[in-house]
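What follows draws every value from the coordinates through simple rules; no lab data is involved. Please read these numbers as outputs of a predicted model, since none were measured by experiment. Using ideal geometry, Cβ is built from the backbone for each residue, glycine included, and neighbour counts are taken over all protein chains shown.
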Amino acid sequence: VTHAEVRPETHGATVGERGGRWEVGSDFHLVLDAGQARYPWSCRPHVYFGTGRDALRGLLALGRDTLGWRRLLIPSYYCQDVVPSLRRELPVAAYEHAPTSAPAPVGAGAGDVVLVASIFGLTVRPETAPATVVIEDHSHDPLSEWASSSSADFAVASLRKTLPLPDGGVCWSPSGLPLPAERSLTLAHAAATLERLSAMVLKLEYLRGADVNKAEFRRLAVSGEAALDHAGISGISGFSRARIDSLPALEWRATKARNLAVLSAELRDLPRARLLDAPFAATLVFDEPGLRDAVRQALIGASIYPAVLWPLTSPSVAGLPPNHVELSRRILSLHCDFRYGPEDMAWVASAVRRAVEARA
Ligand SMILES: Cc1ncc(COP(=O)(O)O)c(C=O)c1O
């Protein structure tokens, strides 16, 4: 079953006739297209973990136990759900970096290790002193030029943000340092991955028109996602390990860039919002939170399920700048990955425009 075979059911209608099971966003369905992926870590030593969190934790545990790491500094604009998990290994504090402004140099002291994130795939990054240990997080654009040409001490990526895999994280060292040992697959992780893979299979069937209960696969997806946040550090599932190298990941990245260009062109003069030029997703920054919330609701009503990356209103780390928290209330990311084509993007853009105009 190739992705193209899924398209007639979900994408066959012309613009103006979207309906049936057509949708944009939310979790990946199982995609069986084949290709030959080359990742920035393919040609050098790397270790796969159960999740991006597990990859970071494996690395932090190594640094804490053998390299004198005492504290992790993360960007102030970063996924808060990840923080409690990282804190199992090291204390965590924030430095100022949001996707809408140039960051100041990071003031790292002895024992500090700095997580530099490619937020939304943007390449803006803070300066760090030459002796500072840097871990780069390439979850939002693992195939970027930055990830390939990096000379950071370490790099990590969560795999399921950009690839249709139920689980997976990876750690490598662009500068050739020793890596943490591979972990075995834990039972808790295997169970979580089974739920997520089941949801992906059922969603594929649903999109193809089968008699599948949407609420049931949503329940499995949500419950599997929650269960991935387990106490132990796990290795990757056998499925994702075996599958990752046969994904047409480069082609998918090019498709996403084309889709993003369509959205950018269609939304260029959108009033009261601007589109960030970011490769991960079409990310809109609205003038005010009420407009963001109204557009989000209207899109959900049109079967377009955008993401909020990230809610910072109940942060897990202290000291977030109030303007970054406020930004998180005005931001909205529209999926534009390989699952969609230009007509889908044109339809999404027109739905956004209608929603903004309805609030005029
Ligand atoms: C930028 C970024 N890095 C790392 C992670 C952690 O990845 P995972 O969910 O695979 O643990 C996430 C999200 O959850 C993320 O958004």
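I'm checking my understanding of the structure. Among residues of segment 69-82 that are out of contact with any helix residue (DSSP H, G or I) (no Cβ under 7 Å at 6 or more places or on another chain) and farther than 18 Å from ALA108 by Cβ, which one is nearest to the ligand (Cβ to nearest atom)?
Ranking the candidates gives CYS79 first.
Being free of Cβ contacts under 8 Å to residues at least 60 places away in the same chain, more than 17 Å from the chain's Cα centre (by Cα), surrounded by 21 or more Cβ atoms within 10 Å (Cβ to Cβ) and not in a loop (DSSP other than H, G, I, E, B): is that true of LEU194 here?
no
Exactly one of these conditions fails for ASP141: (1) under 18 Å from ARG38 (Cβ atoms); (2) of a type in the set (D, E, K, R); (3) outside any loop (DSSP other than H, G, I, E, B). Give me its number.
With respect to (1) under 18 Å from ARG38 (Cβ atoms); (2) of a type in the set (D, E, K, R); (3) outside any loop (DSSP other than H, G, I, E, B), ASP141 is out only on (3).
Here's a check for you: in segment 317-360, which residue that is within 24 Å of ASP141 (Cβ to Cβ) and hydroxyl-bearing (Ser, Thr, Tyr) is surrounded by the fewest Cβ atoms within 10 Å (Cβ to Cβ)?
SER333
Against the definition (surrounded by fewer than 20 Cβ atoms within 10 Å (Cβ to Cβ) and over 20 Å from the mean Cα position of the chain (by Cα)), how does ARG44 come out, yes or no?
yes
Looking at this structure, is VAL114 in contact with a Ser or Thr (Cβ under 6 Å, 6 or more places away or on another chain), within 16 Å of the ligand (Cβ to nearest atom) and either within 15 Å of SER328 (Cβ to Cβ) or not hydrophobic (A, V, I, L, M, F, W, C) (or both)?
Against the criterion (in contact with a Ser or Thr (Cβ under 6 Å, 6 or more places away or on another chain), within 16 Å of the ligand (Cβ to nearest atom) and either within 15 Å of SER328 (Cβ to Cβ) or not hydrophobic (A, V, I, L, M, F, W, C) (or both)), VAL114 does not qualify.
Which one of the conditions (1) out of contact with any Ser or Thr (no Cβ under 9 Å at 6 or more places or on another chain); (2) of a type outside the set (D, E, K, R); (3) closer than 21 Å to ARG339 by Cβ does LEU197 fail to meet, given that it meets all the rest?
Only one criterion is unmet by LEU197, namely (1).
If the Cβ limit is 6 Å and pairs must be 6+ apart or interchain, which residue in segment 130-141 that is within 22 Å of ARG64 (Cβ to Cβ) and within 11 Å of the ligand (Cβ to nearest atom) pairs with which residue that is in a loop (DSSP other than H, G, I, E, B) and of a type in the set (A, V, I, L, M, F, W, C)?
GLU136/ALA152
Please specify each residue of segment 148-180 satisfying the condition of being of a type in the set (A, V, I, L, M, F, W, C) and within 21 Å of the chain's Cα centre (by Cα).
Of everything in segment 148-180, those that are of a type in the set (A, V, I, L, M, F, W, C) and within 21 Å of the chain's Cα centre (by Cα) turn out to be ALA152, PHE154, ALA155, VAL156, ALA157, LEU159, LEU163, LEU165, VAL170, CYS171, TRP172.
Which ones in segment 150-164 are more than 15 Å from VAL113 (Cβ to Cβ) and either in contact with a Cys (Cβ under 8 Å, 6 or more places away or on another chain) or near the ligand (Cβ under 10 Å from one of its atoms) (or both)?
ALA157, SER158, LEU159, ARG160, LYS161
Check segment 59-68 and report whether any residue there is surrounded by 19 or more Cβ atoms within 10 Å (Cβ to Cβ) and within 14 Å of the ligand (Cβ to nearest atom).
Checked against the condition, which is being surrounded by 19 or more Cβ atoms within 10 Å (Cβ to Cβ) and within 14 Å of the ligand (Cβ to nearest atom), segment 59-68 yields at least one hit.
Looking at PHE120, PHE49, can you tell me which residue is under 21 Å from the mean Cα position of the chain (by Cα), closer than 23 Å to GLY176 by Cβ, within 12 Å of the ligand (Cβ to nearest atom) and in contact (Cβ under 8 Å) with a residue 60 or more places away in the chain?
Among PHE120, PHE49, only PHE49 is under 21 Å from the mean Cα position of the chain (by Cα), closer than 23 Å to GLY176 by Cβ, within 12 Å of the ligand (Cβ to nearest atom) and in contact (Cβ under 8 Å) with a residue 60 or more places away in the chain.
Here are some residues: PRO166, PRO126, PRO180. Which one is in contact (Cβ under 8 Å) with a residue 24 or more places away in the chain, in contact with a His (Cβ under 7 Å, 6 or more places away or on another chain), assigned to a loop (DSSP other than H, G, I, E, B) and not polar (S, T, N, Q)?
None of the other options fit; the residue is PRO126.
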